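Single-structure report; data block below.
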Amino acid sequence: MAREKPRAMITGAALGFIILAAAIGLVIDAPHLLILHFNHAQTTGHIIRVIPNSHGLTEIAYSVGGTAYKRDVPFYWVPDSDARPEPLRVYYSPRDPSIASAVPADEILSGQLPSWIAGSALGAVFGAIAARNIFRYLR
């Protein structure tokens, strides 16, 4: 019975880490960023608009092979509404040009990685505490 408590806490910590890591990864769009990190091409595009009250979410337009695309991308800087860079460099996936970013994926990933790991570690702590409390309740 004494060994069950540490095992439950380790399992809770692992589950907490995995769940929060997955949630944060989806919020920062990690699946698409990883695709772009390992294989991308570049084209030019332009900013259509910075979406109000969105922490810099920006709608961009670009074209690849004669096909026009529009995508909302998170900017990691908020451009001034008066100073819109023209043309804008767009990084896209050659396999699926609808996957794109206006900032190199490795810059985003390296900037978000510390927060991603710290948030996931916090999830591990909460998972371990939850597992300990559940174990106490079931006893």
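The values are calculated or read from the model by the stated rules, or taken from the named source; none is laboratory data. Just so it is clear, the model here is predicted, and its values are computed rather than measured. Neighbour counts are summed over all protein chains in view; Cβ atoms, including those assigned to glycine, are modelled from backbone coordinates with ideal geometry. All accessible areas refer to the heavy atoms of the entire protein, side chains included, with ligands and DNA or RNA removed. Shrake-Rupley method; radii C 1.70, N 1.55, O 1.52, S 1.80 Å.
Among the residues making up the range 96-117, those that are open to solvent by less than 60 Å² (accessible area, probe 1.4 Å) and among the hydrophobic types (A, V, I, L, M, F, W, C) are Ile99, Ala100, Ala102, Val103, Ala105, Ile108, Leu109, Trp116. Taken over the range 55-84, the criterion of being farther than 18 Å from Gly111 by Cβ and either open to solvent by less than 30 Å² (accessible area, probe 1.4 Å) or modelled with pLDDT under 80 (or both) is satisfied by Ile60, Ala61, Tyr62, Val64, Asp80, Ser81, Asp82, Ala83, Arg84.
Any residue in the range 4-14 that is at pLDDT below 80, of a type outside the set (Asp, Glu), under 30 Å from Gly119 (Cβ atoms) and part of a loop (DSSP other than H, G, I, E, B)? No, the range 4-14 has no match at all. Among residues of the range 54-71 that are farther than 13 Å from Ser98 by Cα, those with a Cβ under 8 angstrom from a residue that is open to solvent by 70 Å² or more (accessible area, probe 1.4 Å) and β-branched (Val, Ile, Thr), sequence gap 6+ or separate chain, pair up as His55/Val78; Gly56/Val78.
Summed over the range 30-54, residues that are at positive phi and buried (at least 18 other Cβ atoms within 10 Å of the Cβ) total 0.
Selection of first residues in the range 108-130 that are closer than 26 Å to Val90 by Cβ and of second residues that are surrounded by 14 or more Cβ atoms within 10 Å (Cβ to Cβ), restricted to Cβ pairs under 6 Å at least 6 apart or on distinct chains, gives the following pairs, ordered by first then second residue: Ile108/Leu33; Leu109/Leu33; Gln112/Ile28; Trp116/Ile24.
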